[in-house]
Amino acid sequence: MSAEIRALNDAFRTTMTGGRVVMTTGVDALPSDVKAMAIRRVATFTEFIPDNDPHREHDFGSFEVAGQKFFWKIDYYDPAMEFGSEDPADPAKTTRVLTIMLASEY
């Protein structure tokens, strides 16, 4: 199941389509060029290692841009966005939410 989830997460993260993308207030308050660089960095992130990807689902990452440390995380909700997804490998049962945040906001 990890391979299916990983493929769906990679497709979502690299295109920013097929789910919802949100950013925290700290990220939103940054200059627009820094926000754009952070979004691009999430989309092109490839530094998955056992420490940041223990389940091999490509659902978390961290990086630095413009002297700021960022985290991003993909969470899985049911289609109504009320509960967790019962099957994150099934796009019909899952709404993916990608959150981009400053590490200091975690």
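Looking across ASP59, ASP78, ASP90, one residue alone is under 23 Å from ILE39 (Cβ atoms) and modelled with pLDDT of 95 or more. It is ASP59.
Applying the set (1) within 10 Å of the chain's Cα centre (by Cα); (2) over 15 Å from TYR106 (Cα atoms) to ILE49 leaves exactly one unmet item: (1). Figure legend. Inter-residue proximity from segment 1-28: first residues within 18 Å of ALA92 (Cα to Cα), second residues small (Gly, Ala, Ser) and assigned to a helix (DSSP H, G or I), beta-carbon distance below 9 Å, spacing 6+ or different chains. Indicated pairs: ARG13/ALA43; MET16/ALA43; THR17/ALA11; GLY18/ALA11.
The values are calculated or read from the model by the stated rules, or taken from the named source; none is laboratory data. Just so it is clear, the model here is predicted, and its values are computed rather than measured. Neighbour counts are summed over all protein chains in view; Cβ atoms, including those assigned to glycine, are modelled from backbone coordinates with ideal geometry.
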